[in-house]
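*Asks:* Input: one structure, supplied below.
Each reported figure results from applying straightforward, stated rules to the coordinates on display, with no laboratory input. Values in this document were obtained by computation on a predicted structure and should not be read as measured data. For neighbour counting, all protein chains shown are included, and Cβ atoms are generated from backbone atoms with ideal geometry for every residue, glycine included.
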Amino acid sequence: MADISFLDWPFLEPRHRDWAAEVEAWAAAHAEALSDEHDADASVIRLARAMGDAGLLRVPCPVDGVLDVRALCLARDILARHSGLADFAFAMQGLGTGPVTLFGTPAQRERLLPGARAGTALAAFALSEPEAGSDVSALALAATPDGNGHYRLNGDKTWISNGGIAASYVVFARTGEAPGAKGLSAFLVPAEAPGLAVAERIEVTAPHPLARLRFDDVRVAAEDLLGRPGEGFKVAMATLDVFRATVGAAALGFARRALDMTVAQASTRKIFGGTLFDQQMSQAAIADSAVDVEASALLVYRAAWLKDSGAARVTREASMAKLHATEAAQRCADRNVQIHGGLGVTRGHKAEELYREVRALRVYEGASEIQRVVIARAERDTRTPAERQLRTSPG
C-alpha cells in the first residue's frame, strides 16, 4: 500500500481527499484488469468508457469549464501507480479537450465535451510534427483560407497520442499572421474529415496509441477555430501550463509503485542468511527513492495548488515539477530493477514494465532539457537588474 500521508498536506482540501478515495477505489478494482499492453488501442477505448461510466472524466472534462489541477494530479498519481494505460486514457481526455475547455465557445464545448466526459469519444492534441517538437515556432502544417469561410490544412503531425482512435483532434497549424509562434492557430478537426488520414502507427517502448497523421487539403470551417487567428501558441502554452504538472504527477505514481516494490522485494528476498534489506546498499536505494518520491510530490502539488489558487502562469513551477518528478521516477524505476535482479529485466515483470513506462515521460510535453531552459530563463527574468548584475559580475 502506497503512503497516503501527503493527502493531509495543506495543498489539498477535503474534496480532494474524497476524490482521491474515489479514484483509488476505482483503480484498485479496474485499472489493471482493463489494461493489456498487447492491445493498447482496445485497452484505452475500454478504460476511457469505464472511467466515463464511473464519472471520473468529469474532472478532465468539467461541465463548468474549470480545470481543478490538484484533482487532475491526484488522479494521475493514483492511476499511474496502478496502470500506465489507465493514466494515459484519463490524461488524454483532459489534454485533448483542454483547449476546448479553456478557449472554446459554448457551442464548441457542447459539441465536444459531453462525449469526451462520457468516455465514448476519445480526444487528441495534435501539436508535434516531424521537424517541430520542442520548437513549437517551427510548425509547418499550413492552414490556408479558401475565401469561402473555411481553411485548407496541409501537412503532417506525428507522435500524436490517441492517433487513429480519437474522435476529434485539436490541430495547431500555421495561418501566417506573423512569423514564428505568433503565426499559429488552433482548429477542431473531426477524425472523419475528408483528407485526414493515419499515415503510420508508431510503436514505442511502452505501448500506447500513437500515430503520424497526414492532412491533405482538409477543409475546416472558420468557426472551428479555437480562439482567434494567430492565438494557437497561446492556446497550446496555456493548455500545457495546466497539464505539464500532471505529467509530473504520473511520474510520481510510477515512482510510488517502484518504491513499494523495492521495499517489498528487499524485505522478502533471502540472501547471505538474511534478506536484501539487511544490506546497507539496499537500504540506501530505498532511502534515495523515498526522498525522490517526497520531493516530487512537494513540487507537483505546489505547482497544482498555485494554479488552482489563481496564478496566471505557473510555467516555472510546472516545469520544475515535471523535470524533477520524471527524472526521479527514472531513478526509482532503475533502483527497483536492480533490487529485483534478473526478475527486474524479465519481459512482463512489473519492474521491467515500470522502467519502460517511465522513460517516455522525460521526453513528451517538453523534454527534460527544455524544462531546464524554461527554468533557467525564469530564474534570470525574475531577478532585478541589480541582482543580475551582482550575479554576473567578475569576482
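*Asks:* At what distance in nm do the modelled label points of ALA284 and ASP39 sit from each other, each positioned 7 Å from its Cα along Cα→Cβ?
*Replies:* 4.7
*Asks:* Shifting gears a bit: Quick check on the exposure proxy: order LEU122, LEU306 from fewest to most C-beta atoms within 10 angstrom. Each step should come with its number before you reach the end.
*Replies:* Values: LEU122 26, LEU306 18.
Final ranking by Cβ density, sparse to dense: LEU306, LEU122.
*Asks:* Right, another one. From the convex hull of the Cα coordinates of segment 234-382, what is the mean projected area in square nanometres?
*Replies:* 9.7
*Asks:* Here's something else I'd like to know. Put a dot 7 Å past each Cα toward the Cβ at ARG228 and ASP146; how far apart are the dots in nm?
*Replies:* My value for the distance between the label points is 2.6 nm.
*Asks:* With a 10 Å Cβ neighbour count serving as the proxy for reagent exposure, in which order, fewest first, do GLU365, GLU22 appear?
*Replies:* GLU22, GLU365
*Asks:* Related question: Sort 355-363, 375-383, 157-165 by packing, meaning the average of other beta carbons within 10 Å per residue, with the highest value first.
*Replies:* Details: 355-363: 21.0, 375-383: 12.7, 157-165: 23.1.
So the order, starting with the most tightly packed, is 157-165, 355-363, 375-383.
*Asks:* Given C-alpha coordinates of the chain, what is the ratio Rg to Rh with the Kirkwood estimate of Rh?
*Replies:* Using Cα coordinates only, the ratio equals 0.99.
*Asks:* Let me ask you something else. Report relative contact order for the chain in percent, whole number only (criteria: Cα-Cα under 8 Å, sequence separation at least 6).
*Replies:* Averaging sequence separation for qualifying contacts and normalising by length gives 15 percent for the chain.
*Asks:* Throw me the Rg/Rh for segment 56-139, computed over C-alpha atoms with Kirkwood Rh, two decimals. Intermediate results must be reported in sequence, preceding the final value.
*Replies:* Details: Rg = 13.7 Å, Rh = 13.6 Å.
On the Cα set of segment 56-139, Rg over Rh gives 1.01.
*Asks:* Any idea what % of Cα-Cα pairs in segment 7-121 are farther than 19 Å?
*Replies:* 43
*Asks:* Rounded to the nearest 500, what is the chain's calculated 222 nm mean residue ellipticity when only DSSP H runs of at least 4 contribute -39500 (n - 2.57) each, over all residues?
*Replies:* -17500 deg cm²/dmol
*Asks:* Give the order of MET92, MET51, MET281 when sorted by the count of other beta carbons within 10 angstrom, beginning with the fewest.
*Replies:* Fewest-to-most ranking of MET92, MET51, MET281: MET281, MET92, MET51.
*Asks:* If you consider only alpha-carbon coordinates, what radius of gyration and Dmax does segment 124-230 have, in Å?
*Replies:* 13.1, 45
*Asks:* Another question about this same structure. Highest mean first, how do 272-280, 247-255 rank when packing is the count of other Cβ atoms within 10 Å averaged over residues?
*Replies:* Working: 272-280: 12.9, 247-255: 30.9.
Put in order of decreasing packing, that is 247-255, 272-280.
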